[in-house]
Every structure is written in structure tokens, then in C-alpha cells.
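K.L.:
Quick one: structure below, then a few questions.
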Amino acid sequence: MCLCEGMKGRSIDGPFINRLIKSLKPGWLRNSGSNAVRIVACGGRKELIERMPGELRSCLNAGANTTLMVWGDCDDDCADGNALKTKFWEAAQQNGVTEEQFSRVVFAFAKDRLENWIEFLNTGTTDESKEGARAKKDRLVADAAKKLAELCKKGADVQDMPKSLQWSCKNWRALADRMKS
């Protein structure tokens, strides 16, 4: 289950996430239809933070390896992924979520927009201090997601990778390790 910012049909987050997960082909994923995971577009960050505790409970109640992934943007008001994760933790605590339950959430936070990651993955460079240009072609998004999947499978550090992408990859690797056990 993935929560992400953006409006369904108007954001590249959903297509990027879906292509990334499908390209990773994790053994624990049951692929049915064209969507590998259930993606819920939440509009803005406020709604994303508000919905996270309830969706986490749904995942925990489903049992097995059901996992909640939260994709968002740090924007100008959060220095990095840890600062934004703290905002989610505050909302989770207010809704009775324990630290152990919260630790099961996988967070992926771009500094400003996912387009910076797409620019990096397709060109090898980006400047996270500026908003990346809007990705308008699904092929460009899919190619970037496939490249990220290849990098994730190798597990090697990538030189000059944007800090927010490094931070998010560590969270993804923690999920992959947890699923192996």
C-alpha cells in the first residue's frame, strides 16, 4: 500500500512508484492486473500526514507482509527526510501508533519534487535546491523508475546521488531486508 502526494491522474508519483515496484519484482509481491501495489494519491502533505495513521492500522490489521509506503516531498519547510518523518511521527503518536508500529512504515521523500530524481536518473545530474522540470512523458518517468530499480538491485552506492534519494533508498533496503526474514 502506498500513500503519495499529488492528485490521481495529474501526478507522476503513482506511475513512478508502480513502475519501480514492478521493476524490482520482489518475491513477496503478488502482481494482479496492471498495478503492482495499491496507490492512494492524497493531494497535499497535510492530507498525507492525516491519512497515514489510519492506513498504517489497515496494513497492520491485514497482517502478513502488508506494508505501508509513504511518498512525499520535503519542500522548503523541511530540511530533510528525517525532519519530515518527525511530522509523521507526531501525527502517529496522537493517533495511538506505537514506535514499533511506526518503524514498519517505509518513507520515500524527495527534497522538492520527484522530478529531481527523474532528472538525475535520466541525466546523471540534478540540483535539489531547485524544483526539477515537470515530467510530461510517461516514458521518461518509466525509464527513470526502471533505472532506479536496477540501482536498487545492485545495492551499490551511486556517486552524486541526490541526498533525498540516498535517504529513501536506505528505507527501501530496510524493507527488502525485513521481507527476506
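K.L.:
Could you identify the single residue in GLU119, GLU90 that is surrounded by fewer than 17 Cβ atoms within 10 Å (Cβ to Cβ) and acidic (Asp, Glu)?
P.N.:
Going through GLU119, GLU90 in turn, the sole match is GLU90.
K.L.:
Taking segment 125-150 only, how many residues are free of Cβ contacts under 8 Å to residues at least 12 places away in the same chain and either acidic (Asp, Glu) or surrounded by 14 or more Cβ atoms within 10 Å (Cβ to Cβ) (or both)?
P.N.:
So the answer is 1.
K.L.:
Oh, and also: Exactly one condition in (1) surrounded by 15 or more Cβ atoms within 10 Å (Cβ to Cβ); (2) touching a helix residue (DSSP H, G or I) at 6+ places or on another chain (Cβ under 7 Å) is not met by ASP112; state its number.
P.N.:
(2) is the only condition that ASP112 fails.
K.L.:
Of the conditions (1) modelled with pLDDT of 90 or more; (2) closer than 16 Å to PHE16 by Cβ, ALA135 fails just one. Which one is it?
P.N.:
(1)
K.L.:
Which of the residues spanning segment 121-158 are part of a loop (DSSP other than H, G, I, E, B), of a type outside the set (Val, Ile, Thr) and either touching a Ser or Thr at 6+ places or on another chain (Cβ under 7 Å) or within 29 Å of ILE49 (Cα to Cα) (or both)?
P.N.:
Selection gives ASP127, GLU128, SER129, LYS130, GLU131, GLY132, ALA133, ARG134, ALA135, LYS136, LYS137.
K.L.:
I need the full set of residues from segment 106-120 which are part of a helix (DSSP H, G or I) and not aromatic (Phe, Trp, Tyr), in order please.
P.N.:
LEU114, GLU115, ASN116, ILE118, GLU119
K.L.:
Among the residues of segment 121-134, is there at least one that is on the phi > 0 side of the Ramachandran plot and hydrophobic (A, V, I, L, M, F, W, C)?
P.N.:
The answer is no, given that none of the residues of segment 121-134 is on the phi > 0 side of the Ramachandran plot and hydrophobic (A, V, I, L, M, F, W, C).
K.L.:
Turning to a different aspect of this structure: Which of the helices (runs of 4 or more DSSP H) found entirely inside segment 1-98 contain at least 1 residues meeting this: more than 19 Å from ASN171 (Cα to Cα) and either modelled with pLDDT under 80 or over 17 Å from the mean Cα position of the chain (by Cα) (or both)?
P.N.:
On the way: elements: 13-24, 45-62, 81-94.
The qualifying helices (runs of 4 or more DSSP H) are 45-62, 81-94.
K.L.:
VAL106 is checked against (1) more than 16 Å from the chain's Cα centre (by Cα); (2) within 21 Å of ALA174 (Cα to Cα); (3) not polar (S, T, N, Q) and fails just one. What number does that condition carry?
P.N.:
Against the list (1) more than 16 Å from the chain's Cα centre (by Cα); (2) within 21 Å of ALA174 (Cα to Cα); (3) not polar (S, T, N, Q), VAL106 comes up short only on (1).
The values are calculated or read from the model by the stated rules, or taken from the named source; none is laboratory data. Remember, it's a predicted structure, so these values are computed and weren't measured experimentally. All Cβ positions, glycine included, derive from the backbone under ideal geometry; neighbour counts span all protein chains shown.
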